[in-house]
Amino acid sequence: MKYFYILFTIVLFILQGCATKDATPELNQPQVKTEMTTSATVSNDTPDTQVSEEQMDGFEEEFSAQETNTTSDPLSGYNRVMTSFNDTFFTYLLNPVAEGYAYIIPEPLRIGISNAFHNIQFPIRFANNLLQGKFQNSSDELERFIINSTVGVAGLMDVAANHMTTPIPIHKEDFGQTLGYYGVGSGFHIVLPFFGPSNVRDLVGLTADAYLSPLVNIKGRENYSIPDNLDQSIDIVAVQFINKTSLHLGEYENLKEDAIDLYPFFRDIYEQKRDADIAE
């Protein structure tokens, strides 16, 4: 049971969850529109022989891309089943709980709770910015933490971003991004139960980030952790997860509307989002 708690706690730190505001379908849509426009232009404006050659090239590229996706997705059968399971979990359990939570807790307080959770996980962002040689970003994160922890009342208010003459930006970095920054590939895609898309690189990153997080109780780090045991760690992070979902109600449903096949749709959004995060 202890190992289940450890895994459960680690996967709760997936920042890319399917219902978050950052993971938007616009990442895919422009590419689809471009391909459709290109096909239409070729069909109307080029000679028959040239159309045939260009279409064949397009088919070969598409087939090659499909082959790449297939070879890098050995768990596709499991991932499809787990995506369906997660969809059911979110629709019939998490979303109703988050709606009830939002009904009871006023939005300003929920935003404050979200700010506090973000503030307390400062060590993850600070360390990973340092590891990537982004020293100004690390300095910004340290300054944000000091200001928000004091003037911002333990981080409930994001004073550094909202009440400064020159706002101090947030620099979100995790160890999965650090690995990607140094050229480590994503590995095969894997969908985690309850918490959605991930990959091998990001799972390794989540383990490292868990050791830096004050919200995770790990043996040997008791004095550093806020919770006294793994049960309390799970409770704290579950509240964080529900609170975050309550601030993005309806976004998951809107995202699903654009999906013909749910699993590859979420997979591609996640991988593209992570590639964009690493490239920043």
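Brief remarks on what is shown
- Residues located in region 138-180, provided they are crowded, with 20+ Cβ neighbours inside 10 Å and on the phi > 0 side of the Ramachandran plot: 155
- Here residue 124 fits the description: open to solvent by less than 20 Å² (accessible area, probe 1.4 Å), in contact (Cβ under 8 Å) with a residue 24 or more places away in the chain and not in a loop (DSSP other than H, G, I, E, B).
- Answer from 80, 110 - the residue that is over 19 Å from the mean Cα position of the chain (by Cα), among the basic types (Lys, Arg) and part of a helix (DSSP H, G or I): 110
- Scanning region 245-262 for residues that are among the charged types (D, E, K, R), open to solvent by 60 Å² or more (accessible area, probe 1.4 Å) and within 24 Å of residue 110 (Cα to Cα) turns up just one, 253.
- Residue that is most open to solvent (accessible area, probe 1.4 Å) [pool: residues in region 263-280 that are hydrophobic (A, V, I, L, M, F, W, C) and more than 15 Å from residue 197 (Cβ to Cβ)]: 279
- Scanning region 127-136 for residues that are surrounded by fewer than 21 Cβ atoms within 10 Å (Cβ to Cβ) and either closer than 17 Å to residue 277 by Cα or touching a residue at least 24 places away in the same chain (Cβ under 8 Å) (or both) turns up 127, 130, 131, 132, 133, 134.
- From the list 236, 242, 226, the one residue that fits, being β-branched (Val, Ile, Thr), open to solvent by 40 Å² or more (accessible area, probe 1.4 Å) and outside any helix (DSSP H, G or I), is 226.
- If you filter region 181-223 down to residues that are of a type in the set (Phe, Trp, Tyr) and in a loop (DSSP other than H, G, I, E, B), you find that the one that is most open to solvent (accessible area, probe 1.4 Å) is 182.
The values are calculated or read from the model by the stated rules, or taken from the named source; none is laboratory data. Keep in mind the model is a prediction, meaning the values are calculated, not measured. Neighbour counts run over all protein chains shown; Cβ positions are idealised from the backbone, glycine included. Quick note on the areas: whole protein, heavy atoms, side chains included, nothing else; ligands and nucleic acids left out. Shrake-Rupley method; radii C 1.70, N 1.55, O 1.52, S 1.80 Å.
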